[in-house]
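Notes to accompany the following structure.
The values are calculated or read from the model by the stated rules, or taken from the named source; none is laboratory data. Predicted model, so just to flag it, every value in this text is computed and none were measured. Positions of Cβ are backbone-derived with ideal geometry, glycine not excepted, and every protein chain shown enters the neighbour counts. Keep in mind that these areas ignore ligands, DNA and RNA; they rest on the heavy atoms of the full protein, side chains included. Shrake-Rupley method; radii C 1.70, N 1.55, O 1.52, S 1.80 Å.
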Amino acid sequence: RLWSTFFPKQPPLPTRGPYPQPHYSEVYHYSVNLHAWIGVTSSPPPKSAMPLPSQIQLLTWNVNFSNPLRRQRLDRILHHITTEVFDGRVPPPACVILLQEVHQQALPLLLAHPFVRAHFLISTISHTTWPHPSVYGNVTLISSGIPVVAAFQIQFPSTVTGRHCFFV
């Protein structure tokens, strides 16, 4: 109840100005029953038994799209994060993982990873959401214990590499 009192609908986004305009985006959670990633505009608040996190870890990693072993590199990065950074803790602590330069060929590996499916919301399930004609982009993982009120992105059209920013 408290949640809907504070956030009855998505917050308004600015619509004027000389700057790139934001637009709402979905985040996705993995449904075990449907065996698919399902888009949601916001996540429900944690059950009353689960308190809101008092702190959130932020982890950022440049995956390096130009590496010819991009899938293997992403697999090793995920292994390092789960075993070394999170020390094998299940579920992981409240965190947001920002992955930059994820190549479209490596995205399926991320979407199929059991740890990601079990514990995270994800910002994209298709490279088609990245600025055109980029073959790589950003992927944000939000641990499922963090309620998401809204997500939006801003594309920066004057960049040569099609940069964009994702906000949660």
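Residue 127 satisfies every condition listed in (1) more than 21 Å from residue 164 (Cα to Cα); (2) buried (at least 16 other Cβ atoms within 10 Å of the Cβ); (3) without any contact (Cβ under 8 Å) to a residue 24 or more places away in the chain except (1). Of everything in region 85-97 that is free of Cβ contacts under 8 Å to residues at least 60 places away in the same chain and under 25 Å from residue 66 (Cα atoms), the residue that is surrounded by the most Cβ atoms within 10 Å (Cβ to Cβ) is 97. None of 123, 158, 134 is closer than 20 Å to residue 71 by Cα and modelled with pLDDT under 85 except 134. State yes or no: is residue 117 within 21 Å of residue 37 (Cβ to Cβ), touching a strand residue (DSSP E or B) at 6+ places or on another chain (Cβ under 6 Å), at pLDDT 95 or above and not hydrophobic (A, V, I, L, M, F, W, C)? In short, yes.
Of all the criteria given as (1) closer than 15 Å to residue 63 by Cα; (2) in contact with a helix residue (DSSP H, G or I) (Cβ under 9 Å, 6 or more places away or on another chain), the one not satisfied by residue 98 is (2). Within region 135-147, the set of residues being of a type outside the set (A, V, I, L, M) and either part of a loop (DSSP other than H, G, I, E, B) or surrounded by fewer than 17 Cβ atoms within 10 Å (Cβ to Cβ) (or both) comprises 144, 145, 147. Suppose the filter is surrounded by 12 or more Cβ atoms within 10 Å (Cβ to Cβ), touching a residue at least 12 places away in the same chain (Cβ under 8 Å) and touching a Leu at 6+ places or on another chain (Cβ under 9 Å); does residue 106 pass it? Taking the combined requirement at face value, the residue satisfies it. Within region 32-60, residues that are farther than 16 Å from residue 91 by Cβ sit with their Cβ atoms under 6 Å from residues that are at pLDDT below 80, at 6+ positions apart or across chains, in these pairs: 45/3. Of all the residues in region 54-84, those that are open to solvent by less than 20 Å² (accessible area, probe 1.4 Å), more than 23 Å from residue 131 (Cα to Cα) and in contact with a strand residue (DSSP E or B) (Cβ under 9 Å, 6 or more places away or on another chain) number 2.
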